[in-house]
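Step one of this worksheet: look at the structure below.
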Amino acid sequence: MKVGILPCQGACNVGMMTNKVALHFVDNKTVNMVCPLGLPLGIENIIKMAAANDKHIALNGCSVKCSSKSLEAAGFNEYEELALTEDFKIEKNKNFHDETNMDKIKEEVEAIIARLAAQERD
């Protein structure tokens, strides 16, 4: 099973955290990074990279859910999603070094990956 992870990478603390969390899991064998910006722009290689995954995780920084919307814009409608401001009650700010609750976010992403792998085996 291959999982594509899409961090929102927005210009705020929660956006930066999605990228840091995603990088923690990327191994290019089971979990790989997909650029969420390239999907709605129709960039062919990025769409192919997304399509090569069996499952996707949209890591959204806030309630705007840019990563989720990017997947949907490219026709990927089944995915797991997190929104840091909602799911972890993290206040959005401009402190790009803020890593509030990052360990909890990593734990949740790890649990999602494990659940997706178990579903694949069943």
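Rule-based calculations on the coordinates, nothing more; no lab input. Every value quoted in this text rests on a predicted model; they were computed, and no experiment measured them. Here the Cβ positions follow ideal geometry from the backbone for every residue, glycine too, while neighbour counts run over all protein chains shown.
Things worth noting here:
- For a label point 7 Å along the Cα-to-beta-carbon line of residue 111, residues of segment 41-76 with backbone N under 18 Å: 57-60
- The mean sequence separation of alpha-carbon pairs under 8 Å and at least six residues apart, normalised by the residue count of the chain, gives a relative contact order of 31 percent.
- Full-extension gain in nm, residue 26 to residue 63, via 0.36 nm per residue minus C-alpha separation: 10.9 nm
- Note on segment 1-82: along the principal axes its Cα atoms extend 30, 25, 20 Å, ordered by decreasing extent.
- At R0 = 30 Å, FRET efficiency that the Cβ-Cβ distance of residue 1 and residue 97 yields, to 0.05: 0.35
- Cross-linked pairs 29/89; 48/104; 55/106; 29/94; 65/92; 69/104: Cα-Cα separations exceed 22 Å for 29/89; 48/104; 29/94; 69/104.
- Calculated [222 nm] ellipticity per residue, helices only, for the chain: -13000 deg cm²/dmol; basis is -39500 (n - 2.57) per DSSP H run with n ≥ 4, divided by all residues, nearest 500.
- Segment 51-122: chymotrypsin sites (Phe, Trp or Tyr not before Pro) in DSSP loop, at most 16 other beta carbons within 10 Å: 88, 96
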